[in-house]
Structures are given as structure tokens and as C-alpha cells.
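The values are calculated or read from the model by the stated rules, or taken from the named source; none is laboratory data. Being a predicted model, the structure only gives us computed values, none of them experimental. Positions of Cβ are backbone-derived with ideal geometry, glycine not excepted, and every protein chain shown enters the neighbour counts. Accessible surface areas use protein heavy atoms only, side chains included; no ligands, DNA or RNA. Shrake-Rupley method; radii C 1.70, N 1.55, O 1.52, S 1.80 Å.
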Amino acid sequence: MFVAASTILPFGSWLAYFLLFGATLVAARFTGLGTTYALRRSFVALPFALAAITLPFTVPGQTIAHFGGLTVTAEGSIRLLSIVIKSWVSVQMAILLTATAPVHDLLWGMRELRVPRPLVSIVGFMYRYLFVLADESLRLMRARAARSGVGAGRSGGSLVWRGRVAGGMAGSLMLRAFERSERIYDAMVARGFKGDILAMSSPVITDSDRNALVGWVTFLAMVLLIGFVF
Amino acid sequence: MHHTIEVKDLRFKYPDGHEALRGVALSIAPGEKVALVGPNGAGKSTLMLHLNGILEVQQGEVCSCGLPVRKENLGKVRSAVGLVFQDPDDQLFSPTVFDDVAFGPLHMGLAEDEVRRRVRDALAAVDMADAISRVSHHLSVGQKKRIAIATVLSMDPEILALDEPSAGLDPRARRGLIKLLRKLPQTMLVSTHDIRMVAELLPRTVIMDQGRVVADGSTPQILSDAALLEAHGLEAP
């Protein structure tokens with residue numbers, strides 16, 4: 001919702017942006033992560049906003065500067081700045097959500113928002129086995145490193161040979177992942193899996209959950225109003 | 001009372017032509033605790049996978065709890081035979097411990113209160129009640145093994161088929177596991193290389209080699225036959 005609201009906001013509504021930013025800080029405070037937690041991590045997303053870097057040069061409008069052979073327009077700059085701020089604030093909120101809500105609850109949320117069941121399961125399995133797979137590739141690389149001694153002659157081998165080794169490792173990792181997936185499927189079938197992923201019904205929505213939801217919606221509506229009116 | 005396993009002249013060939021089982025016959029009575037030992041590639045795991053129909057019977061006959069393992073019985077057989085895989089990372093595939101232990105009961109179509117009760121009971125039985133909302137990736141191997149056992153205990157099975165339960169455990173975790181297995185009342189078939197555990201825990205031993213049962217008898221008797229153990233690549237305790 002937060003991300004959607006921030007996307008809808010028109011360009012250049014600085015007051016509304018400021019309110020959204022304030023909201024992320026308050027939320028960060030509430031979660032006990034500290035205000036800088038999401039702030040620091042959100043910078044990784046900034047390079048993606050650079051996709052909009054051409055805007056100052058391409059959007060027509062009042063010229064404010066010349067840059068080589070290109071002209072920079074005021075409208076374009078405002079649009080770029082707005083996009084950067086909006087994406088940055090949205091990323092912060094997303095970071096807060098994923099940092100505080102256990103993956104399990106996020107999966108519940110996805111299920112309740114009617115995200116297709118198989119997709120939810122895929123995300124769940126991915127989260128579960130990402131680490132297992134990472135461990136496996138780490139072991140492969142360790143095994144290679146452990147046998148990469150330096151002999152008396154020329155060491156290291158040719159580039160082609162090293163490429164073949166790396167390719168073999170990638171292949172063996174894929175085979176292992178494939179075999180593991182078969183074993184997991186067996187383990188599921190052994191416990192009665194017939195093709196449908198079943199889940200318990202959702203946790204009950206409490207009054208405080210409802211109040212929080214109403215509060216958020218009101219706040220975001222207010223921000224949108226400010227953004228469009230001023 | 002049909003807490004039995006009946007295997008008659010079971011033969012199985014993998015798609016690559018490898019003949020894993022060449023006429024296995026085995027009968028296990030209610031409440032018996034049986035060790036299944038033998039060298040790697042003897043067909044132990046292949047046999048285990050037949051017990052609740054993961055591998056389809058190609059030739060011969062398998063009855064679990066009095067039910068022939070066939071398509072129409074698979075649901076019943078799978079809730080009666082709890083199969084615990086060797087690598088707990090294969091067995092624990094859900095986001096949290098709770099979800100994993102609830103997986104079997106949910107697929108049995110039980111009511112949610114009953115599922116919750118069974119999950120709590122199963123985790124209590126393996127002394128892992130505190131781990132209910134934890135993420136399985138963050139647990140130790142010993143803890144994962146216990147929870148893997150809980151994932152089938154929650155289905156209230158009559159037979160437990162365990163593949164290498166003590167592999168990869170440190171002495172303390174192994175000791176804890178032996179204690180746990182000793183107090184479980186189910187009929188048990190345990191595939192293992194851990195001869196000391198066999199001597200301590202399982203009164204009957206079956207030796208498999210090259211797809212056949214080559215010896216079947218009381219554990220003390222089999223483990224004292226040094227020539228027999230030697231012939232099938234096993235070590236005396």
C-alpha cells in the first residue's frame with residue numbers, strides 16, 4: 001500500500017514525500033531496529049533509480065543548464081529527483097517489512113492477498129533451500145581450493161582447463177540440486193502429498209491489527225491528498 | 001493388530017538397468033525393532049522406499065500394516081508407515097518447524113485443532129517443543145533429525161522406517177537419539193551402519209547384500225558371527 005501510494009503521488013510534491021519519509025522513520029523506531037537500519041540498507045537500491053538519469057535531458061521544458069551538448073530542463077530534473085526519492089522511500093519501507101515480518105508471516109500475507117498457491121509455495125521453498133544450496137556451492141569451492149596446490153612447474157593450468165573445471169562444478173551443483181528436489185518430493189509424497197499444498201487457516205485479525213490498518217490507510221490517504229492539492 | 005511388514009520376493013530394477021532388489025523376503029511382527037544392515041548399494045534404501053509406496057512394486061509383493069502397497073491403498077499406507085529420510089534437509093522443507101510437523105496431519109485431512117495438538121505432542125515426544133516456531137535452517141543436525149522424526153510421529157504411524165538415523169551425529173546427539181528411539185513404541189525398521197547402536201537398541205538384525213537378504217536373526221547371534229559380518233563388509237562391534 002505504501003509503495004502504491006508513493007508511486008501514485010505526482011512529481012514534485014515535496015511535502016508529501018517528506019511525510020512518507022517521516023513515516024518510515026517512525027515505523028523504524030517502532031520496530032526497534034533503529035532509524036538508521038533501513039536507511040543504510042536502502043542505498044543499495046539507489047543505482048536502480050539511475051535508470052531515470054536521462055530524464056533531465058529528455059523531458060521538454062524550461063532550460064536551466066547546458067551540459068556538453070545537452071540541455072537540462074527544470075521539469076526533467078524535478079521528475080528525476082521525485083523518482084529517486086519515491087523509490088528510495090519505498091525501498092526503505094520494503095526493507096522494514098522484510099526485516100521485521102518473519103518470512104512465514106509474509107507467506108501468510110501473500111496467501112491472504114490471493115497470490116496463487118503454487119507461487120507462494122515456490123517462494124517458500126526458495127527461501128528454505130537458498131541457504132542449503134549456498135552451503136553446497138561453498139563446499140564445492142572449498143574442495144577445489146583445497147586441491148589447488150602450487151607444484152614445482154607452472155601452476156594454475158590453462159584458462160580453458162580452468163573454465164572446464166568451473167563448468168563441471170556448476171553442472172555438479174545443478175545435478176545435486178536436481179537430485180535434492182527429487183528427494184524432497186519423495187519426502188512430501190511419503191507424508192501424503194497429492195499435488196495440492198495445504199495450509200492452516202490464517203491467524204485471526206485482532207483489534208489492534210485492524211486499528212493499525214485503519215491508521216495506515218488514513219495516513220496514506222492524507223498524504224495523497226496533500227500531494228495532489230499542494 | 002496389523003503392525004506388520006510383509007515383503008515377498010520383491011524385485012526392483014532402476015531405469016538405468018541396475019538391479020537393486022533381487023528377490024527380497026522379509027516379515028516383521030507387530031512391535032518388533034529390526035535393524036537393516038549391509039554395505040552401501042545393498043538395496044537397503046530401495047527397500048525402505050517400497051514400504052510406503054514411494055517406489056512402485058515392479059515384481060513381488062509388499063504389505064504394510066496388512067494392506068498391500070498398491071495405488072488404491074497409498075493414502076492409508078502412507079499414514080501408517082512413517083518414513084524418515086537420511087538427510088533431514090530433504091525431510092524439512094517448510095518455512096518453519098511447525099509447518100513441517102503439520103504437513104502430514106494436514107494431508108490426512110484432520111481438523112485444525114487436532115493438527116495443532118498432534119504437532120505439539122510430536123514435538124514434545126522428541127524433546128523439541130521449544131523449536132515449534134523456529135526456522136529449520138538454523139537448527140543443528142541433531143535437532144533437525146529429531147524434528148524429522150516428529151514430522152512422521154505427528155501422523156501417528158504404526159511403523160517407523162528410519163534411514164541412517166544416527167549418521168552425521170556427534171556422540172551426544174547420537175546418545176540422545178538412541179534414547180529417543182528406545183522410548184518410541186512403534187514397530188521399527190532401522191537402516192544403518194551404526195553396529196554399536198544396533199547392538200544396543202535393536203533385538204533383531206537383517207543383513208542385506210547385493211539386493212538380497214543374506215542373514216536374519218537375533219542381533220546377539222548375528223553380531224557374534226565374525227565370518228558372516230566379514231563376508232558382507234561389516235565390522236563386529
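Quick notes on this one:
- Between the helical axis of B:97-107 and the longest alpha-carbon principal axis of chain B there is an angle of about 70 degrees.
- For segment B:165-237: accessible area per residue (Å², 1.4 Å): 49 Å²
- Contact residues in segment A:101-149 (at least 40 Å² less accessible area with all protein chains than alone, 1.4 Å probe): A:His104, A:Arg128.
- The mean count of C-beta atoms from other chains within 10 Å of the C-beta of residues in B:72-85, rounded to a whole number, is 2.
- CD proxy at 222 nm, helix term only [per DSSP H run n ≥ 4: -39500 (n - 2.57); per residue of chain B; nearest 500]: -10500 deg cm²/dmol
- Each Lys and Arg Cβ is given +1 and each Asp and Glu Cβ -1; about its Cα centre, chain B then shows a dipole of about 360 debye.
- Axis angle, to the nearest 10 degrees, between helix B:171-183 and the longest C-alpha principal axis of chain B: 90 degrees.
- Two numbers describe the Cα atoms of chain B: Rg and Dmax, which are 17.4, 55 Å.
- Chains B and A together bury some 2600 Å² of accessible area, summed over both sides, with a 1.4 Å probe.
- Environment charge at B:Leu123 (Cβ cut-off 12 Å; Lys +1, Arg +1, Asp -1, Glu -1): +2
- 3J(HN,Hα) along segment A:103-120, derived from phi through the Karplus expression 6.51 cos²θ - 1.76 cosθ + 1.60 where θ = phi - 60°, amounts to 3, 4, 5, 5, 5, 4, x, 4, 5, 5, 7, 6, 5, x, 3, x, 5, 4 Hz, with x in place of Gly and Pro.
- When each of the peptides B:178-186, B:112-120 is scored by the mean number of other C-beta atoms lying within 10 Å of its residues, the order from highest to lowest reads B:112-120, B:178-186.
- Taking the alpha carbon gyration tensor of segment B:169-237, multiplying each eigenvalue by 5 and rooting it gives semi-axes of 22, 14, 11 Å, largest first.
- Angle between chain B longest axis and helix B:112-125 axis [Cα atoms, degrees, rounded to 10]: 60 degrees
- Relative contact order (%) - criterion: Cα under 8 Å, at least six apart; region: segment B:48-129: 18 percent
- Seen from every direction in turn and averaged, the convex hull around the alpha carbons of segment B:28-135 projects onto 8.5 nm².
- Within a straight-line Cα-Cα reach of under 19 Å, A:Lys86 can be paired with the following aspartates and glutamates, leaving aside sequence neighbours fewer than 8 residues apart in one chain: A:Glu75.
- Radius ratio Rg over Rh of segment B:122-237, counting only Cα atoms, Kirkwood formula for Rh: 1.01
- Taking other residues whose beta carbon is less than 13 angstrom from the beta carbon of B:Pro185, and scoring Lys, Arg as +1 and Asp, Glu as -1, yields 0.
- For the cross-link pairs B:Lys145/B:Lys183; B:Lys144/B:Lys179; B:Lys71/B:Lys145; A:Lys194/B:Lys183, the ones whose C-alpha atoms lie over 26 Å apart are B:Lys71/B:Lys145; A:Lys194/B:Lys183.
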